[in-house]
1. How long are the semi-axes of the equivalent ellipsoid of the stretch 105-151, taking √(5λ) for every eigenvalue λ of the Cα gyration tensor, in whole Å from largest down?
2. Note down the Stokes-Einstein diffusion coefficient of the stretch 125-201 in µm²/s, whole number, using a Kirkwood radius over alpha carbon pairs, 37 °C, and 0.692 mPa s.
3. What does the highest-first list of 263-273, 121-131 look like by mean Cβ count within 10 Å?
4. What FRET efficiency comes out for residue 233 versus residue 122 if R0 is 56 angstrom and r is the Cβ-Cβ distance? Round to the nearest 0.05.
5. Can you work out ³J(HN,Hα) from phi for every residue in the stretch 139-148, in order, using Karplus 6.51 cos²θ - 1.76 cosθ + 1.60 and θ = phi - 60°, giving whole Hz and x for Gly and Pro?
6. With θ taken as phi - 60° and the coefficients 6.51, -1.76 and 1.60, list the Karplus ³J(HN,Hα) couplings across the stretch 115-123 in order, rounded to whole Hz; mark glycine and proline as x.
7. Would you grab the residues whose amide H sits under 5 Å from the one on residue 236? Only those 5+ places off in sequence or on another chain, please, with H modelled 1.01 Å from N.
8. Taking only the alpha-carbon positions of the stretch 227-355 and ignoring solvent, what does the Debye formula give for the base-10 log of I(q)/I(0) at q = 0.15, 0.16, 0.19, 0.22 Å⁻¹?
Amino acid sequence: MRKTLTRGVLWWLAARSTSALAVEPGAGTPPAEQVEERAAGYCDMVRGVGDAEAALELAPEVFGSFGAVNTGEAEGGTALGKPKLRITAGLSYDFVGIYRGRTLRQRAQAECRRHQALSALQSAVRQGTGLGEEEALQARAQALQESLPRAEQLIATLREDLQSGKATLEELNAAQVRLDHLRALHTDTHLARERLAALPRLPAGQKLETLLADLRAADDAVEDHSGSLRRARAWELSIRGGYDEVFDIDQDVPLFGQVMLTYDLGHLWQGHANARAREGRRRSLVEEVDGAPLRVAELLVELRARMRAEDARLREVTTLISDLEGQLREVEALQTREIRRFRDYLLLELARLRAERAYLGAHVESLQRFLGEGAR
């Protein structure tokens, strides 16, 4: 009978602990698919640490003891010191551990989100004022790729005209200088694209101000969960049960069970301290001299100024291109030698200006996406 009751109690405690371990099946799942995974190694680390710490909170404790106790009594209740061997074994489970384990995992998730936002912001800081330039460089490279063959053909025609006496050496040299400028611009564009490819990239569609808000929210969530854990340590609601037998003493049922609730009075003074810690952490994130928020704020000022300047330059270049294209249409029908040389000048100058327009248009558009509303 004793063995049957003992096995029944131990089985019930084990089943209860297993259900507690399964209370949060989705705690270790990754963030939503629409959020780009960044800093995967760091996230794996903090999630692993959170799961390891949560495992100790969610699982029951096994305890056991063996020793001697005084069981004899004289008249009047005075102990005579007759030792009897005693063995105790069982399980203990703290139900507040469910809350602590869940909070530990939530804090790990918040630390992961914080590092993802910080990693993205650091990528933007690394790129500096070149942020959004990749698409602009690609647009300029494409424009040059389309105009260079025609410019090369123009120089080849000029060389033939020079041999036949239809062009002068000065005209050829002037055209070659302009062609060399286009080639140098093409080379610089290629080198700039190679340099940007080696830098960490900002996630597509992300805005700097949104990333800053994500960083602040995730950092505040980390402190909020940490404060919750500190408050939860003041409470314990546990159930203990198991086998307890004193040898050579007649016991009908050598089992025991106990429910215990404890409260640390220090919890009464925690509220103000936790609020001060949370507010101090918010200010620290903003005031940190070498922190990402301050550097991103400086970068935002530079990018807005650059976008306004390039937007103004884009309008100027667009107007200039329209004027030159109008002049080109007027001289195309004329066949005099001087007009043809002027036409060659217009073609080479238009090639350069179209490449600049392509760069400026793409860069302004990219900056508007990164800066978000109120970019101008």
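Where a number appears in this text, it was derived from the coordinates with a stated rule and is not lab data. Quick caveat, the model's predicted, so the values are computed rather than measured. Heads up, the Cβs are rebuilt from the backbone with ideal geometry, glycines too, and the neighbour counts pull from every protein chain shown.
1. The three semi-axes for the stretch 105-151 are 41, 10, 4 Å.
2. D, rounded to a whole number, is 228 µm²/s.
3. The densest-packed peptide leads the list: 121-131, 263-273.
4. 0.95
5. For the stretch 139-148, the Karplus-derived couplings read 5, 5, 4, 5, 5, 5, 4, 7, 8, 4 Hz, x marking Gly and Pro.
6. For the stretch 115-123, the Karplus curve yields 6, 4, 5, 5, 5, 5, 5, 5, 4 Hz.
7. 262
8. Treating every Cα as an identical point scatterer, log10 I(q)/I(0) equals -0.93, -0.97, -1.08, -1.19.
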